[in-house]
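So the structure is just underneath, and the comments pick up after that.
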């Protein structure tokens, strides 16, 4: 029985999967079951920060697997504490505390729960709890019931109502709409500094500053979803710093690139005082408030430590900026009418396409037409909405690998 037949018979059809069957990888190179080579500029959708099978990551997993793979969070796991210190000291660089989960959706659920807990501690004038979280159109925060309810895309939510109440979706980068949106029940604002699934849309500095100012004015939590954008991908350890470095969030969520391929996510809460008694925001999520069986186990923490230390020690965030410049300059030099814009930062880039110039069969989007053609030619990229493709190479990708992948991109667009 072929892999495709096994999938059809035994696996829920929740993904529109391509026919490609990956077999092995090294760096940004991937080979399928037939031995065909691809440049992987999808990397698990911004997951494999160091590419495939990076020696430091492989060795960390191998060594830890021989010591202790899992134990309960009833006990103190040294690697979990070490990883939290690495995140706080070298990446967030603000006083706070970390909870470890298995995915970005779970991390965002943790932020949503934290906002609800905050709304009980800091209620409305009549004493009733605040509970509402404002999010934005074209956002994506996950597919659990909570994170899906926070997502500002109807197509993600279709067929799953009633959704979790307590969310409203505002236009992204619209300061006027934002300023009129706060209600007595509003407790927090949640946003991506760069919307990934929504098309690689960056928050403007003015907008991010306005969000932060509004949160201070109305005693709201500022929650930032860095699941796809964080840990060096956009040119800084934290993507929001590339936009408005003076902003200090109250909560942050991560996953994807922080583990290099192992399933790990996390959320962070600030230690800042939220009342006159000096109550720390991070103290609101005390014993019994949240939990995870697998979150932060020794194996995934060892892997994540290896990834984050490699990103920091090799200064891969700065390398991402240099490679972004190379990508932008090369693509712009082509002067192809089909490319309307390059959006994003670092190595989270979206190439916007003119749909009028791409012959598109019924049932497909222009982005999927391009993605399929590039795969045929040996380049893997994911779509980001109907008219945008993403470039998400490893953070340590070389200039030569960038050039080779872009040559395929140009060839594919010309062929289409």
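Structure data summary
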item	result
Distance between segment 186-245 and segment 349-370 - C-alpha centres, whole angstrom	28 Å
Residue of 16, 96, 159 that the Gaussian network model of the chain assigns the largest fluctuation, springs spanning Cα pairs under 10 Å	16
Residue order, fewest to most beta carbons within 10 Å, for 323, 242	242, 323
Set of segment 383-412 residues, backbone N closer than 19 Å to the point 7 Å along the Cα-Cβ line of residue 154	385-387
Within the chain, helix-based [θ] at 222 nm, where runs of 4 or more DSSP H residues each add -39,500 (n - 2.57), nearest 500	-10500 deg cm²/dmol
Folded to 0 to 90 degrees: helix 55-65 orientation relative to the chain principal axis, Cα	60 degrees
Using alpha-carbon coordinates, inclination of helix 316-334 to the longest axis of the chain, degrees	50 degrees
Residue with peak Gaussian network fluctuation, the chain [Cα springs, cutoff 10 Å], from 237, 280, 105	280
Most to least packed among 151-157, 261-267, 64-70 [average Cβ atoms within 10 Å]	261-267, 151-157, 64-70
Prolate/oblate/rounded label for segment 211-339 (Cα gyration tensor, a/c 1.5)	oblate
Which of 14, 43, 3, 388 has the fewest Cβ neighbours within 10 Å, and the rest in rising order	14, 3, 388, 43
Ellipsoid semi-axes in whole angstrom, largest first, where each is sqrt(5λ) of the Cα gyration tensor of segment 1-133	38, 24, 16
Mean-position separation - Cα centroids, segment 263-336 and segment 68-94, in angstrom	13 Å
Residue with peak Gaussian network fluctuation, the chain [Cα springs, cutoff 10 Å], from 104, 260, 288	288
Per residue, the convex hull volume that the Cα atoms of the chain enclose (Å³)	160 Å³
Ranking of 292, 147 by count of other Cβ atoms within 10 Å, fewest first	292, 147
0 to 90° range, to nearest 10: angle between helix 399-415 axis and the chain longest Cα axis	70 degrees
Segment 143-241: C-alpha gyration tensor shape, a/c 1.5 cut-off, then a/b vs b/c	oblate
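Read-outs throughout are calculated quantities, based only on the coordinates presented, and are distinct from any laboratory measurement. Computed from a prediction, not measured in an experiment: that's the story for all the values here. With ideal geometry, Cβ positions are generated from the backbone for all residues, glycine too; neighbour counts draw on all protein chains shown.
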